[in-house]
Amino acid sequence: MQKILLSTLFISLIAISCNPKPNKAANPKIDKLKLMPGFKAEHLYSPEEHDQGSWVAMTFDNKGRMITSDQYGAIYRIVLPAQGDTSKVKVEKLIIGSETDRHADTTTLKVGMGFAQGLLYAFNSLYVMVNHNSDKNFDKNTGLYRLQDTDGDDQFDKITLIKSFSGEPGEHGPHSIVLSPDKKSIYISAGNHVDVPKFDVYRLPPVWQDDNLFPQIKDPRGHANNRKAPGGWIAHIDSLGEKWELVGAGFRNEFDITFNDAGDLFTYDSDMEWDFGMPWYRPTRICHVTSGAEFGWRTGNGKWSPSYPDNLPPVINIGQGSPTNFMNGSSARFPEKYRKSLFAFDWSFGIIYAIHLMPQGASYSAEAEEFLSGSPLPLTDGAIGPDGAMYFLTGGRRLESDLYRVTATENVSASVPAAVPVNEANQLRRTLEQYHETKKGAVDIAWPNLKHEDRFVRYAARIAVEQQPVSEWQERTLKETDPQILTQAMIALARHGKPALRDKMIQALVKVDYNKLTPSQKVDLVRAFEVVIFRMDKPEGATKNQLVAFLNPNYPSSSNELDRELSKVLVYIGAPGSVEKTLALLETAKDDVGVKTVSSSSDLIMRNPQYGLDIARMLSNVPPAQQTYLATVLSDATEGWTPELHEKYFKWMANAFTYKGGVSYIGFIDKARRKALAHIPVDKTEYYNKLSGAALLTESGNDLADRPQPKGPGRRRTLEEALALVDGPLTNRDFQQGKNMFEATLCSSCHSMRGEGGAIGPDLTQLGTRFSAKDILENTLDPNKEVSDQYAATVFTMKDGSSIVGRLINEEEEKYFVSQNPFMPQSLREIPKADVASTKLSKISLMLPGLLGGLNDEEIKDLIAYLITGGNPDNEVYKVKAQ
């Protein structure tokens, strides 16, 4: 298997290296780009050269002018030169007051608005999605605003707050605003750190819960641990913002949304890279967002499998990355193939993907093609301009920001793309979606479609049933005899019915002829049991015995997905023999071919071939996803254990610490281990604690005395002095010295590189795909310049007037758990919630200042080269001196 996989990866590397070809140009801003043949790119403008920040949002107004926003500042209006015109870009800064900006091409307007992550010009207005809490520099809170010109002087003079949002604004806050296909209304997207507001209409019934019997383990590093179901959401509103309709939810952080030419809605959702290697890891993915859609994001390890019938699967998994812009190419003056595409932007890896959709039943399948890439190229937003060109921005997190234009040089098409045909299944789904509100006759129309062969049709039918009064379909559900209809209807009844119905529901489900079901139907059926039990509690007595007799003979199965469901339910209800069966399966389970953790590694290599060989070497040490899942199931088992079973289980735990996953992998394994230890007799706890690998967690590896030391002599440098060192090409650098300085400056204590190092800060392996040498030096010399939400400390203001600062790792009903020492992150301080007056994210980085002060000039050059190239000795930067 490993030989086959490595061969496949090698072929992938060859393919990527051949296509697309570099874009030929004299400008270094252009030289770094790779474009598909038949396209060219122009660099138009660099905002930071004019102190205009880092641009992250874009739209065009009714006069063809571009409007953009600095992530942490003002909004700008831009007049662009025509294609082939060498005149300068003209920029107008929209700020309060009448002072004159001193830049030659800048004029001041009168609007106090900014900090936008989404912009839309429509209905003679500029809609602005502010993602910021008010402070002394900006008095607008997070929310959706409408700007209008009421006196016709081409200046926005009226600002209306349409709706404010609560939660935790930031990188997972409210994002994009797009116009509906009929241009009569608006859609918006918000990440999982925005509370779901009160809606006038819920296409997805607001009865969401975790619905997972999997032992809950929240992120060991504290991310999103207080965020509840249903995660990120998408809404539909009218132009005045008077009617709000929830379209779908269950996303992690869907930054942008778009429609295809058939009017279907899509989004590009993010992954949780810290979960890489875990069975609940979900790659970045393109999702078809139908009416009432649920995509199953839940905090920690609670994310739903795409196979669950009560959520929808992605159209295509992309892999690791950081999704930003997502747009339709139909108005571009591009070849027909690309006018039919959606374009997905990845900030982390600097790639624009062309997503080619193909109708498949009521939904779509898709292929992803690399359309444009560069390094560094931190893509933030884009749009098709009135001239048919593609415009895109780079920047974000105060990085170097640039504006580009992409045009086609051959096979240009100006004709209107052919309409996307709507097939019978798609039309049926749309018909059923008309009943996603209380409507007479809905149950009769939806009911037979609960067994439709198309999954999206079944889903639409179930939501139609759920939108009707339970009294109209409760008895019909309990009397249903068709196994498929019964399964879907029982999931609906579990979500809306009363707990007193539990036994009747289980007794109806166990009448199904299990052996006549297909593998996917078996998963659906066991999922129905799970939702019933989660919502209505464990069955007891005769009902429990019936359920055990029904499921136990079918476990284990020949399917990993089915075994995950069966193990959860049987262990949770304490079925006889379930612990022994699960442990036996744990010792022999193999991951499916093409399991997400492996395919995600392959995707990573395909996007970054310079890291390919190193990642390929790591593939043999990827955590076994199926075994990890089963081990987590057993962590909460309280009965059915013997000393022999405990011995096997905790030895497996110790071995699990030897695998390499995302930065939260070890923490998740340790939390599962600790859960299991909590069920051990007190007199055996110490023995099993040692057996399960406790010593592996306390081994330091951060002994400062053993670290390499800089040769020096060092000195304090200004940013300008440091930048002068990396002003030219960083070729022929000393790889080993760069690696030594990575350790000497304590970078490796908090950051990982190529799978080794600490986990307090972000992994730096792909740093060079989004950060320039200038960005790296700026953020190292001034670590407080930009602190990502994901890595920020929390300031706890106590009721006695004192304050405590540290990383919030976990919280319970009565206390917080905080890590204050970056060199001993496992050491946690408990803070009683009753003693806390308020909390807020700190703007002060945990990263120490002055880390480069002890290095001489050559050591700084080698360190920056090491960081830019991801520690890869095969990179051209190290061509001469690499050892």
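The values are calculated or read from the model by the stated rules, or taken from the named source; none is laboratory data. What you see is a predicted model, and the numbers here were worked out from it, not measured in a lab. Cβ: placed from backbone, ideal geometry, glycine included. Neighbour counts: every protein chain shown. In case anyone asks, the SASA skips ligands and DNA or RNA and just uses the protein heavy atoms, side chains included. Shrake-Rupley method; radii C 1.70, N 1.55, O 1.52, S 1.80 Å.
In Å², and per residue, what accessible area does the stretch 622-664 have when probed at 1.4 Å with the other protein chains present?
On a per-residue basis, the stretch 622-664 sits at 35 Å².
Say the dipole of the chain comes from +1 at the beta carbon of Lys and Arg and -1 at that of Asp and Glu; which of 237, 209, 449 then lies farthest toward its positive end?
Among 237, 209, 449, the one farthest towards the positive end of the dipole of the chain is 449.
Under a cut-off of 20 Å between alpha-carbon atoms, report the lysines in cross-link reach of residue 163, not counting same-chain residues fewer than 8 places apart.
Result set, ordered by chain and number: 140, 184, 198, 243.
Grab the Cα-Cα distance for residue 82 and residue 638, subtract it from 0.36 nm times how many residues apart they are, and report the gain in nm with one decimal.
193.1 nm
Go through the stretch 408-418 residue by residue and turn each phi into a ³J(HN,Hα) via Karplus (6.51, -1.76, 1.60, θ = phi - 60°); whole Hz please, and just put x for glycine and proline.
Using θ = phi - 60°, the values come out as 8, 10, 8, 6, 6, 10, 10, 6, 5, x, 4 Hz.
From the mean inverse distance of alpha carbon pairs (Kirkwood) and the Cα radius of gyration, derive Rg over Rh for the stretch 449-520.
Rg/Rh: 0.95.
Would you calculate the volume per residue, in Å³, of the smallest convex hull containing every Cα atom of the stretch 153-233?
Taking the convex hull of the Cα positions in the stretch 153-233, it is 155 Å³ per residue.
Restricting to DSSP H runs of at least four residues, report the calculated mean residue ellipticity at 222 nm for the chain, -39500 (n - 2.57) per run over all residues, nearest 500 deg cm²/dmol.
Only helices count here, giving -8000 deg cm²/dmol.
Quick one: with all protein chains in place, what share of the accessible area of the chain is carbon or sulfur, to the nearest percent (1.4 Å probe)?
For the chain, the apolar C and S fraction of the accessible surface comes to 50 percent.
So, taking all protein chains as they sit and a 1.4 Å probe, how much accessible area belongs to residue 780, in Å² rounded to tens?
20
With every protein chain left in place, what is the accessible area of residue 145 in Å² (1.4 Å probe, nearest 10)?
Residue 145 exposes around 10 Å² with every protein chain in place.
Sorted by accessible area (1.4 Å probe), largest first, how do 739, 498 line up?
498, 739
Considering Cα pairs under 8 angstrom that are at least six residues apart, work out the relative contact order of the chain and quote it in whole percent.
Contact order relative to length: 10 percent.
What share of all Cα pairs of the stretch 191-292, in percent, falls into each consecutive 5 Å distance bin?
Histogramming the stretch 191-292 at 5 Å steps yields 2, 11, 19, 23, 21, 12, 7, 3, 1, 0 percent.
Hey, can you find the accessible area per residue of the stretch 154-277 for me, probe 1.4 Å, expressed in square angstrom?
Value for the stretch 154-277: 31 Å² per residue.
Taking the alpha-carbon distance from residue 739 and a cut-off under 22 Å, which lysines remain once sequence neighbours fewer than 8 residues away in the same chain are dropped?
Within reach: 660, 711, 774, 861, 879, 881.
In whole Hz and in residue order, list the ³J(HN,Hα) couplings for the stretch 381-389 that follow from phi through the Karplus curve 6.51 cos²θ - 1.76 cosθ + 1.60, θ = phi - 60°; x for Gly and Pro.
8, x, 6, 8, x, x, 8, x, 8
What are the semi-axes of the equivalent ellipsoid for the chain, taken as the square roots of 5 times the Cα gyration tensor eigenvalues, largest first, in whole Å?
43, 36, 26
If you rank 864, 159 by how much accessible surface each has, with a 1.4 Å probe, what is the order from largest down?
Ranking 864, 159 by accessible area, largest first, yields 159, 864.
With +1 on each Lys and Arg Cβ and -1 on each Asp and Glu Cβ, how big is the dipole of the chain about its Cα centre, in debye rounded to the nearest 20?
For this selection, approximately 900 debye.
How do 409, 267 stack up against each other in accessible area, from largest to smallest, with a 1.4 angstrom probe?
Highest to lowest solvent-accessible surface, that is 409, 267.
What dipole magnitude, in Debye to the nearest 20, does the stretch 370-415 give about its Cα centre under +1 on Lys/Arg Cβ and -1 on Asp/Glu Cβ?
180
Using the structure shown, select from 228/675; 581/690; 303/815; 538/690 the pairs with a Cα to Cα distance greater than 28 angstrom.
538/690
Filter the cross-link list 498/568; 340/440; 218/451; 590/648; 522/544 down to pairs whose alpha-carbon distance in this structure exceeds 28 Å.
340/440; 218/451, as the Cα separations exceed 28 Å there.
Taking every pair of alpha-carbon atoms in the stretch 410-542, give the share separated by more than 26 Å as a whole percent.
The calculated P(r) of the stretch 410-542 puts 30 percent of pairs beyond 26 Å.
With every protein chain in place, what's the accessible area of residue 48 (1.4 Å probe, Å², nearest 10)?
Per-residue accessible area (residue 48): approximately 60 Å².
Just to confirm, what accessible area per residue do you get for the stretch 720-780 at 1.4 Å probe, in whole Å²?
36
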